[in-house]
1. For the stretch 73-109, give me the residue count where each residue is β-branched (Val, Ile, Thr), closer than 23 Å to Thr50 by Cβ and crowded, with 19+ Cβ neighbours inside 10 Å.
2. Name the residues in the stretch 9-22 that are surrounded by 21 or more Cβ atoms within 10 Å (Cβ to Cβ) and outside any loop (DSSP other than H, G, I, E, B), would you?
3. Would you call Lys69 more than 15 Å from Phe4 (Cβ to Cβ), in contact (Cβ under 8 Å) with a residue 60 or more places away in the chain and of a type in the set (Lys, Arg)?
4. Could you grab me the full set of residues in the stretch 23-48 that are surrounded by 16 or more Cβ atoms within 10 Å (Cβ to Cβ), of a type in the set (Val, Ile, Thr) and more than 16 Å from Gly9 (Cβ to Cβ)?
5. If a residue has to be among the polar types (S, T, N, Q), touching a residue at least 60 places away in the same chain (Cβ under 8 Å) and surrounded by 14 or more Cβ atoms within 10 Å (Cβ to Cβ) to count, how many in the stretch 131-159 make the cut?
6. So which residues in the stretch 148-176 are in contact with a Gly (Cβ under 6 Å, 6 or more places away or on another chain) and assigned to a strand (DSSP E or B)?
Amino acid sequence: MAVFGFDEGSGNQTWDSRNGIAGDIQNGSWTRTHRSNGIGFNGTDTYITTNSNSKIVLRDTFTIDIVFKCSDITERRFLFGMRQPQDVSAEITETGKFRVILHDGIESTHLISLDPVDDNSWHAVSIVHQMKLSSLYLDGVKQKDSVNANLAISNSTNLLIGHLNLAEFPGRFFYKGEIDLLRFSKVARSEVEFKQLSVLAKGK
């Protein structure tokens, strides 16, 4: 569906390599990573938006992969948000753990990592959703499953990277750290692929 690899290395835009969706970078900085390039988020006013005609569609089966690095979290920090008509978002909690929220307007599922990720190390997180089952993987290791028979994700909206909703939370909860990859797939990826992504993230 969409792959933001942040490989450009310069400029004020980044591009989805799958469909050519443009992301406008506000107050970000380019960084070098094990894989290629990444975007640095200052925790104050850095974010990336896609335009209104470039919507990412999430249905019953999908995988979201994120490669990121952050440190010293004292309040929640959003890695990305897709706010309307339904909510799909990922954040680092105030205790430094990774959390994903899937919300269809009525039902919701929250998945939280077992360990903190605010240790200034590269991490790979994968969220896989297939009908009733949602699972969270951290560095190739399954953290938690959630079975919600009533959850029906059918989202088609713009993507905001580095925040959830600028109007709803002005001046707060901006991501602080680096993001090397944000990938949306319309398939349920495998545990083998999650382990491979973890190796890539850590540069081993």
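1. At the first step, the residues of the stretch 73-109 found to be β-branched (Val, Ile, Thr) are 73-74, 88, 92-93, 95, 100-101, 106, 109.
Subsequent filtering for residues that are closer than 23 Å to Thr50 by Cβ retains 88, 92, 100-101.
After this cut, where a residue has to be crowded, with 19+ Cβ neighbours inside 10 Å as well, the list is 88, 92, 100.
Of the residues in that region, 3 qualify.
2. Residues of the stretch 9-22 that are surrounded by 21 or more Cβ atoms within 10 Å (Cβ to Cβ), as a first pass: 14, 16, 21.
Scanning the stretch 9-22 gives Thr14, Asp16.
3. Values: more than 15 Å from Phe4 (Cβ to Cβ): yes; in contact (Cβ under 8 Å) with a residue 60 or more places away in the chain: yes; of a type in the set (Lys, Arg): yes.
When the stated conditions are applied, Lys69 passes them.
4. Hit for the stretch 23-48 is Thr46, nothing else.
5. Pass one, the stretch 131-159, residues among the polar types (S, T, N, Q): 134-135, 143, 146, 148, 150, 154-158.
This time we only want the ones that are touching a residue at least 60 places away in the same chain (Cβ under 8 Å), so: 154-158.
Applying the additional criterion that residues be surrounded by 14 or more Cβ atoms within 10 Å (Cβ to Cβ) yields 155, 157-158.
Number of matching residues: 3.
6. Leu160, Lys176
Taken together, the values in this text are just the output of simple stated rules run on the coordinates, not laboratory data. All figures in this text were calculated on a predicted structure; none of them were measured in a lab. A quick note on method: Cβ atoms are made from the backbone with ideal geometry, for glycine too, and the neighbour counts reach across all protein chains shown.
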